[in-house]
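K.L.:
Quick one: structure below, then a few questions.
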Amino acid sequence: MKKILTLLALGTSLCASQAAVTLNSSNFGNGLVTSDNLALATGSLRFGVFPAIFDFAANSANLPALEAAFVQVYAYTGAINEFATDGFFSISQSIDNTASFEGQSYASSIAGQKIYLWAQNTGATQQAIFSTSTTWNSGVGLPPFESNFSPDTGAPGLVAHIGTLAAGQDLGAGAPAHMLAVVVPEPSVTLSVVMGGLALLVRRRR
Amino acid sequence: MSKKSILLLGAVLAIPAAAMAQAGSKLPVSRTAGIQRLALPPGQLSLVSLPMVERVVDSGTVTAGPTTTIGVTTATLPNLTSLPHSIQILSGAAHGTRVRITGSTGSSVTVGATIAGLAAGDQYMIVPDDTLASVFGATNAVGLRGGSGAATADEVYIQVNGTLTGYFYKNSGLGGTGWRKTSAPTGASEPNAPIDPLTGVYVIRKAGGSSVNLDLTGLTVTGRQKPTVVAGFNILSNPFTLPTTLGKSNLKDFITGGSGSATADVVYLEEGGVLTGYFYKSSGLGGTGWRRTDLPTGANQDAVVLAPGKAILFKEQAGTASFTLQEPFTD
């Protein structure tokens with residue numbers, strides 16, 4: 001996986017304000033499993049920000065609401081495998097801190113905000129969202145301009161907004177893996193689908 | 001020492017302690033004196049270690065502790081507060097700790113916080129602390145680029161009471177000349193801004209111009225060094241004149257390791273103006289050992305050199321705040 005990632009050659013070079021910051025992220029302390037306790041072998045790892053007041057509990061199954069609230073800064077999709085072991089990732093990614101992401105200026109709207117990791121399986125039928133106290137580096141001021149983010153147990157401020165911490169099997173890290181949660185459609189959404197189907201059926205019969 | 005190192009560590013002359021200072025002969029360790037020359041190239045950052053002390057003002061044995069008031073065997077201490085001084089413990093459980101002296105009376109000194117582990121009978125020395133003026137000259141004798149503000153001048157970051165504080169040498173524009181805070185270019189000149197004990201200097205030189213040499217002279221220190229660290233970034237001096245490696249340093253025993261760079265403390269080392277982060281991987285998939293923050297799955301980094309003359313940018317972010325650097329091959 002790391003082969004397809006953009007790596008910064010050697011740490012961080014000097015500039016009082018430079019056009020790139022580095023996101024380093026790995027999860028060798030726990031790993032990720034699906035809701036049926038199998039290693040998450042493929043999927044998406046999406047890094048970005050959610051509003052500080054976002055109600056995850058109320059919107060855990062409302063993917064459109066989650067999408068609308070999330071500002072994605074970097075995403076990886078593919079195999080989640082390190083050291084020949086499913087469920088683990090390692091990312092080092094250069095981020096342009098002069099750019100905008102989903103219409104949000106990095107400098108004014110993202111820098112300094114907490115980093116969120118939104119992990120999804122292939123098909124996005126299961127998910128977990130984590131944050132810690134780690135924030136997006138501004139790239140302004142004193143180097144190093146890097147944010148080291150990990151959802152591992154022990155990371156300061158670690159929260160699983162969706163999903164469950166350390167609820168899975170030990171994938172080889174020496175600790176239980178974090179577990180994704182099934183995306184259950186909200187009752188209102190389910191009801192809308194059923195009602196829509198019935199309406200369509202009635203219309204066809206007429 | 002790295003091949004690319006620009007450190008010219010020369011003329012380190014072994015001089016008997018007795019010849020150095022009136023109190024030096026009482027010290028339990030031998031000392032050397034010399035000069036360290038470090039080039040500060042333009043257009044890059046440099047982490048500068050401050051390995052030497054100007055002189056040993058006093059030394060002896062602690063008679064009372066541990067409280068914020070430390071009794072010493074010397075009957076009448078000199079003035080230790082008009083210019084900053086610190087006390088370093090040379091034996092016992094607090095060995096290596098050096099903290100600033102905030103007050104003194106005849107035979108006792110006051111420090112900001114109790115030194116954990118200090119006990120009567122422990123040996124100590126009292127040394128002057130570095131200041132902007134003692135390192136760079138009161139009127140910028142080193143020759144850093146001055147300016148009317150930090151935007152055009154070279155910047156010098158030091159730790160003052162645990163807080164990173166930026167300074168520049170103001171040599172033009174309204175408001176006179178002298179060492180000013182980057183945040184207050186019209187404020188008071190602060191040549192005697194005290195640099196926290198056992199910390200270094202973070203220099204950012206603007207592009208253009210020529211390289212300047214920073215010559216540091218004094219007595220080298222021996223034995224383990226245990227600076228006070230705070231949460232976040234700390235510029236820690238590497239006081240030793242011999243190179244060592246991350247693996248040989250035993251640093252892992254004194255900082256917090258973790259499964260990744262987010263759950264461990266991080267050590268940033270500078271070479272050629274480039275910072276590289278390392279952490280000690282102590283758990284999780286992928287074994288243990290020193291790893292780069294951007295390559296946690298990569299090769300073991302135990303052989304990375306801690307170069308003399310170079311300070312260490314230490315990010316205290318996990319576990320108990322602590323840091324101890326042992327003297328290479330002797331401690």
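K.L.:
Could you please give the count of residues in the stretch A:153-178 that are of a type outside the set (A, V, I, L, M, F, W, C), facing chain B (nearest Cβ under 10 Å) and within 30 Å of B:L45 (Cβ to Cβ)?
P.N.:
Qualifying residue count for the region: 1.
Listed here are the residues, each with its yes/no results for (1) under 17 Å from B:Q123 (Cβ atoms); (2) modelled with pLDDT under 75; (3) not in a loop (DSSP other than H, G, I, E, B).
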{"site": "B:S5", "(1), (2), (3)": "no, yes, no"}
{"site": "B:P28", "(1), (2), (3)": "yes, yes, no"}
{"site": "B:G43", "(1), (2), (3)": "no, no, no"}
{"site": "B:T61", "(1), (2), (3)": "yes, no, yes"}
{"site": "B:T76", "(1), (2), (3)": "no, no, no"}
{"site": "B:L83", "(1), (2), (3)": "no, no, no"}
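K.L.:
If a residue has to be in contact (Cβ under 8 Å) with a residue 60 or more places away in the chain and either in a loop (DSSP other than H, G, I, E, B) or surrounded by 23 or more Cβ atoms within 10 Å (Cβ to Cβ) (or both) to count, how many in the stretch A:92-110 make the cut?
P.N.:
5
K.L.:
Also, quick follow-up: Out of (1) in contact (Cβ under 8 Å) with a residue 40 or more places away in the chain; (2) out of contact with any His (no Cβ under 7 Å at 6 or more places or on another chain), what's the single condition that is false for B:G223?
P.N.:
Unmet for B:G223, out of (1) in contact (Cβ under 8 Å) with a residue 40 or more places away in the chain; (2) out of contact with any His (no Cβ under 7 Å at 6 or more places or on another chain): (2).
K.L.:
Just to verify a result, which residue in the stretch B:263-295, among those that are under 18 Å from A:G154 (Cβ atoms), outside any strand (DSSP E or B) and touching a residue at least 40 places away in the same chain (Cβ under 8 Å), is nearest to the other protein chains (Cβ to nearest Cβ)?
P.N.:
B:T263
K.L.:
Does B:R55 satisfy the criteria of being at pLDDT 90 or above and basic (K, R)?
P.N.:
yes
Rundown of residues vs (1) buried (at least 20 other Cβ atoms within 10 Å of the Cβ); (2) of a type in the set (S, T, N, Q); (3) more than 22 Å from B:V53 (Cα to Cα), yes/no style:
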{"site": "B:G96", "(1), (2), (3)": "yes, no, no"}
{"site": "B:S104", "(1), (2), (3)": "yes, yes, no"}
{"site": "B:S108", "(1), (2), (3)": "no, yes, no"}
{"site": "B:V111", "(1), (2), (3)": "yes, no, no"}
{"site": "B:T114", "(1), (2), (3)": "no, yes, yes"}
{"site": "B:M125", "(1), (2), (3)": "yes, no, no"}
{"site": "B:P128", "(1), (2), (3)": "no, no, no"}
{"site": "B:S134", "(1), (2), (3)": "yes, yes, no"}
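K.L.:
Kindly provide the set of residues from the stretch A:124-164 that are under 24 Å from B:E155 (Cα atoms), open to solvent by 30 Å² or more (accessible area, probe 1.4 Å) and not in a loop (DSSP other than H, G, I, E, B), ordered by number.
P.N.:
Selection gives A:V140 alone.
K.L.:
If a residue must be open to solvent by 10 Å² or more (accessible area, probe 1.4 Å), in contact with an Asp or Glu (Cβ under 8 Å, 6 or more places away or on another chain) and assigned to a strand (DSSP E or B), how many such residues does the stretch B:234-255 contain?
P.N.:
The total comes to 1.
K.L.:
If you check every pair at least six apart or on different chains, which have Cβ atoms under 7 Å apart with a residue in the stretch A:127-145 that is aromatic (F, W, Y) first and a residue that is part of a loop (DSSP other than H, G, I, E, B) and open to solvent by less than 10 Å² (accessible area, probe 1.4 Å) second?
P.N.:
A:F130/A:P151; A:F145/A:G139
K.L.:
Next up: Answer yes or no: is there a residue in the stretch B:205-225 that is among the acidic types (D, E) and within 25 Å of B:I87 (Cβ to Cβ).
P.N.:
No, there is no match, as no residue in the stretch B:205-225 is among the acidic types (D, E) and within 25 Å of B:I87 (Cβ to Cβ).
K.L.:
Check A:F130 against each of (1) of a type outside the set (S, T, Y); (2) within 12 Å of chain B (Cβ to nearest Cβ); (3) under 29 Å from B:L47 (Cβ atoms) and name the one condition it does not meet.
P.N.:
That leaves (3) as the condition not met.
K.L.:
Of all residues in the stretch B:120-148, count the ones that are part of a loop (DSSP other than H, G, I, E, B) and touching a strand residue (DSSP E or B) at 6+ places or on another chain (Cβ under 7 Å).
P.N.:
Going through the stretch B:120-148 one residue at a time, the tally reaches 10.
K.L.:
Looking at the stretch A:17-36, which of the residues that are more than 17 Å from A:S105 (Cβ to Cβ) and β-branched (V, I, T) is farthest from the chain's Cα centre (by Cα)?
P.N.:
Filtering the stretch A:17-36 for residues that are more than 17 Å from A:S105 (Cβ to Cβ) and β-branched (V, I, T), the one farthest from the chain's Cα centre (by Cα) comes out as A:T22.
K.L.:
Determine if the stretch B:153-173 includes at least one residue that is over 29 Å from B:I35 (Cα atoms), open to solvent by less than 50 Å² (accessible area, probe 1.4 Å), in contact (Cβ under 8 Å) with a residue 24 or more places away in the chain and not in a loop (DSSP other than H, G, I, E, B).
P.N.:
no
K.L.:
Next up: Checking the structure you have, find out if any residue of the stretch B:296-316 is within 8 Å of another protein chain (Cβ to nearest Cβ), in contact with a Lys or Arg (Cβ under 8 Å, 6 or more places away or on another chain) and free of Cβ contacts under 8 Å to residues at least 60 places away in the same chain.
P.N.:
Yes, the stretch B:296-316 contains at least one residue that is within 8 Å of another protein chain (Cβ to nearest Cβ), in contact with a Lys or Arg (Cβ under 8 Å, 6 or more places away or on another chain) and free of Cβ contacts under 8 Å to residues at least 60 places away in the same chain.
K.L.:
Now for a separate question. For residues that are open to solvent by less than 50 Å² (accessible area, probe 1.4 Å) and touching a residue at least 60 places away in the same chain (Cβ under 8 Å), tally how many sit in the stretch B:62-88.
P.N.:
Of the residues in the stretch B:62-88, 4 are open to solvent by less than 50 Å² (accessible area, probe 1.4 Å) and touching a residue at least 60 places away in the same chain (Cβ under 8 Å).
K.L.:
What is the one condition in (1) among the β-branched types (V, I, T); (2) surrounded by 20 or more Cβ atoms within 10 Å (Cβ to Cβ); (3) more than 22 Å from B:A307 (Cα to Cα) that B:T288 does not satisfy?
P.N.:
Just one mismatch for B:T288, condition (2).
K.L.:
Does A:F83 satisfy the condition of being within 14 Å of another protein chain (Cβ to nearest Cβ) and open to solvent by less than 10 Å² (accessible area, probe 1.4 Å)?
P.N.:
Judged against the criteria, A:F83 is not a match.
K.L.:
Based on this model, can you work out whether B:D302 counts as at pLDDT below 95, open to solvent by 30 Å² or more (accessible area, probe 1.4 Å) and either among the acidic types (D, E) or in a strand (DSSP E or B) (or both)?
P.N.:
When the stated conditions are applied, B:D302 does not pass them.
K.L.:
Restricted to the stretch B:141-152, and to residues that are open to solvent by 60 Å² or more (accessible area, probe 1.4 Å) and without any contact (Cβ under 8 Å) to a residue 60 or more places away in the chain, which residue is farthest from B:G200 (Cα to Cα)?
P.N.:
The extreme case among them is B:S148.
The values are calculated or read from the model by the stated rules, or taken from the named source; none is laboratory data. Computed from a predicted model, the values in this text were never measured in an experiment. With ideal geometry, Cβ positions are generated from the backbone for all residues, glycine too; neighbour counts draw on all protein chains shown. The protein model used for the area step is the full one, side chains on, heavy atoms only, and it has no ligands, DNA or RNA in it. Shrake-Rupley method; radii C 1.70, N 1.55, O 1.52, S 1.80 Å.
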